[in-house]
Amino acid sequence: MRGVCAKTGQGSYELLEMLGLDSVLLVLRANPSADARGVVVEAERSKESGVLATVLIQDGTLRVGDVVVVGDFSCKVRAMINDRGQRIKEALPSMPVEILGLPGVPRAGDLFYVVKDEKTAREIVEHKQLGRQKEEMAGGHVTLEHLFEEIKAGKVEELKLIIKSDVQGSVEALRATLGTIQSKNVQLNIIHSGIGDITESDVMLAAASNAVVIGFHVSIVGTANEAAEKEQVDVRFYEIIYEVKTAIEQAMEGLLKPELKEMSVGMAEVRQVFKVSKIGTIAGCTVQKGKIVRNFQCRVMRNGVKVHEGKVESLKRFKDDAREVLEGFECGIGVSNFDEVLPGDRIEVYEIQK
């Protein structure tokens, strides 16, 4: 076949003719009666509507109310919008549509398919997440938490470190202190040290060399934090030299305790306050960021000051109980052991992860 040029149209007719011929010879036909499946074209988070995912139906018919698995997420399709901006009840093969209802933003190219119920969808998503975690542990970069297991498995014979500190004297002191660590199974190697905050170049060096980054009296700047999460580089911060030595020794011996990190989940602003008998105070809120999840930890902030710490005891969307409410939507929040919430307060939801 001759070349194809999208700019001039050269070869376009021949390409379409060849694709049509192939579809006939290979009997490439969609079945409108089957459960829908297809691919994500693009996705975004909208303040007005939540997550919007544009999908292309490759086979079957997708209907409002169907339960779908889309990449790493699952949901019941709340609504569908066609390419003319009209709400529709069903989408046939070859149709591109926007679907609403996803709890997170999938990636372009992710596959989607209809399953029989929400329980099945949750099981599939959990299985995917578990498989990904195993892959990350098997193929990811070295971390202090898993160092001992990797030493025993013979995967690691050298622990490489990158050290960043606020002053040169601390760098030299760290080098001298860490140089006293003795181990029969693994060799300690400081491949780079420097003055100043941890930068993206430090993270990328660690990713390329499979090293752990140690920050002493410094922070992480710019896009370095995002790069560390993306590349799965272990970045650790310390204030005392002895703590650095102890952590590495414990990691080598398999005694290091997991580090607990607070991960922000969402934030809602209180607009109105309602007193409900037998329940207490309910804060009428708009979710400003992320999502609000029932039974997650939360704090109430007033003028930048924390006034209470508890958990999301109740969560309602209109009059119905909800498990979670996404960014841009309104909800009613009941905070455990706290009835003094006021309009203008902010409810920050978070979780503690190892």
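The values are calculated or read from the model by the stated rules, or taken from the named source; none is laboratory data. Keep in mind it's a predicted model, so treat the numbers as computed, not measured. All Cβ positions, even for glycine, are placed from backbone atoms using ideal geometry, and neighbour counts span all protein chains on display. Side chains included, ligands, DNA and RNA excluded: accessible areas come from the protein's heavy atoms. Shrake-Rupley method; radii C 1.70, N 1.55, O 1.52, S 1.80 Å.
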Loop-exposed GluC sites (Glu not before Pro) per DSSP, neighbour cap 11 Cβ within 10 angstrom, longest uninterrupted part of the chain: 240-354
The chain - percent relative contact order, Cα under 8 Å, separation 6 or more: 12
Formal net charge of residues neighbouring residue 107 (Cβ-Cβ distance under 11 Å; K, R +1; D, E -1): -3
Mean Cα-pair separation over length for the range 1-101, i.e. relative contact order, pairs under 8 Å, 6 or more apart, %: 23
Solvent-accessible area, 1.4 Å probe, carbon plus sulfur percent, for the chain: 50
Semi-axis lengths (Å, descending) of the ellipsoid that matches the C-alpha gyration tensor of the range 34-128: 18, 15, 12
Loop trypsin sites (Lys or Arg not before Pro), the range 184-284, which have at most 15 other Cβ atoms in a 10 Å radius of their Cβ (DSSP): 184, 278
The chain, dipole about Cα centre (Lys/Arg Cβ +1, Asp/Glu Cβ -1), debye to the nearest 20: 1020
Length-normalised contact order for the range 220-354 - Cα pairs under 8 Å, 6+ apart - percent: 29
Table column - 3J(HN,Hα) (Hz), the range 81-93, Karplus curve with 6.51, -1.76, 1.60, x for Gly and Pro: 10, 7, 6, 9, x, 9, 6, 10, 9, 8, 10, 8, x
Residue 159 long-range amide H proximity, modeled H, under 5 Å: 187, 188, 189
Other-chain or far-sequence residues with amide H under 5 Å of residue 221's (modelled H): 198
Restricting the range 247-330 to chymotrypsin sites (Phe, Trp or Tyr not before Pro) in coil, as DSSP defines it, with at most 13 other Cβ within 10 Å: 318
HN-Hα J in Hz across the range 326-341 - Karplus 6.51, -1.76, 1.60, θ = phi - 60°, x for Gly and Pro: 8, 4, x, 9, 9, 7, x, 10, x, 9, 4, 6, 8, 10, 9, 5
14 Å beta-carbon shell around residue 195, net charge (K/R +1, D/E -1): -2
Directionally averaged projected area (convex hull, Cα atoms, the range 242-354), nm²: 9.0
Under 5 Å, built H, 5+ apart or other chain: amide partners of residue 345: 270
Kirkwood hydrodynamic radius (C-alpha pairs) into Stokes-Einstein, the chain, 37 °C and 0.692 mPa s, D in µm²/s: 133
DSSP H segments from the chain that extend 24 Å or more along their own axis, Cα-based, with Kyte-Doolittle mean of 1.0 or above: none
